[in-house]
1. Of the numbered conditions (1) open to solvent by less than 40 Å² (accessible area, probe 1.4 Å); (2) touching a residue at least 40 places away in the same chain (Cβ under 8 Å), L83 satisfies every one except a single condition; which is it?
2. Filtering segment 93-105 down to residues that are among the acidic types (D, E) and under 16 Å from S70 (Cβ atoms), which residue is most open to solvent (accessible area, probe 1.4 Å)?
3. Residues in segment 58-80 that are free of Cβ contacts under 8 Å to residues at least 24 places away in the same chain and not hydroxyl-bearing (S, T, Y): how many?
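The values are calculated or read from the model by the stated rules, or taken from the named source; none is laboratory data. All values derive from a computational prediction rather than experimental measurement. Here the Cβ is made from the backbone with ideal geometry for all residues, glycine too, and neighbour counts use every protein chain on show. Each accessible area value is taken on the protein alone, full model and side chains, heavy atoms only, with ligands, DNA and RNA left out. Shrake-Rupley method; radii C 1.70, N 1.55, O 1.52, S 1.80 Å.
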Amino acid sequence: MAASQQENDDAIMGINVTPLVDITLVLLIIFMATAHMIVHRSMSLNLPKVANSQSVPTQSIQVLLEADKSLQLNGRPVSLQELGFNLGRMAKLDLGIKVTLSADERVSWGDMAAILDVIRGAGVTKIATEVEPKNVRS
């Protein structure tokens, strides 16, 4: 009887990792299959087509910062406080409002950053800066 007990102890030489690998691969397949569904939660819709439709244009606002640090909003002179107030009102009316900031090249980056801060503080998220391309000589 003592011999059979010793044989059982010697029979377990290592851990069988096959079930662990099987479970890991099954979980990997489940995560891969559900990741696509998580990323693409929206439903695919075929929207109806009509002959008479109107597209609502998103408003684009022009902010100009001149070399003397004066500001213009759509060609009208404004102060920094007026800029923030007016852009805030416009952003509440149109959430997709786009602002293009044009600044003279002599304006410091600090002044430009202050204007960008006011624009972002007004709730505008779509901001572009306007630049002119350099003349490349051959």
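1. L83 satisfies all of (1) open to solvent by less than 40 Å² (accessible area, probe 1.4 Å); (2) touching a residue at least 40 places away in the same chain (Cβ under 8 Å) except (2).
2. Ranking the candidates gives E105 first.
3. Counting residues in segment 58-80 that are free of Cβ contacts under 8 Å to residues at least 24 places away in the same chain and not hydroxyl-bearing (S, T, Y) gives 8.
Conditions (1) at pLDDT 80 or above; (2) touching a Ser or Thr at 6+ places or on another chain (Cβ under 7 Å); (3) open to solvent by 90 Å² or more (accessible area, probe 1.4 Å); (4) in a loop (DSSP other than H, G, I, E, B), marked per residue:
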position	(1), (2), (3), (4)
P57	no, no, yes, yes
K69	yes, no, yes, yes
L87	yes, no, no, no
A91	yes, no, no, no
V107	yes, no, no, yes
G110	yes, no, no, no
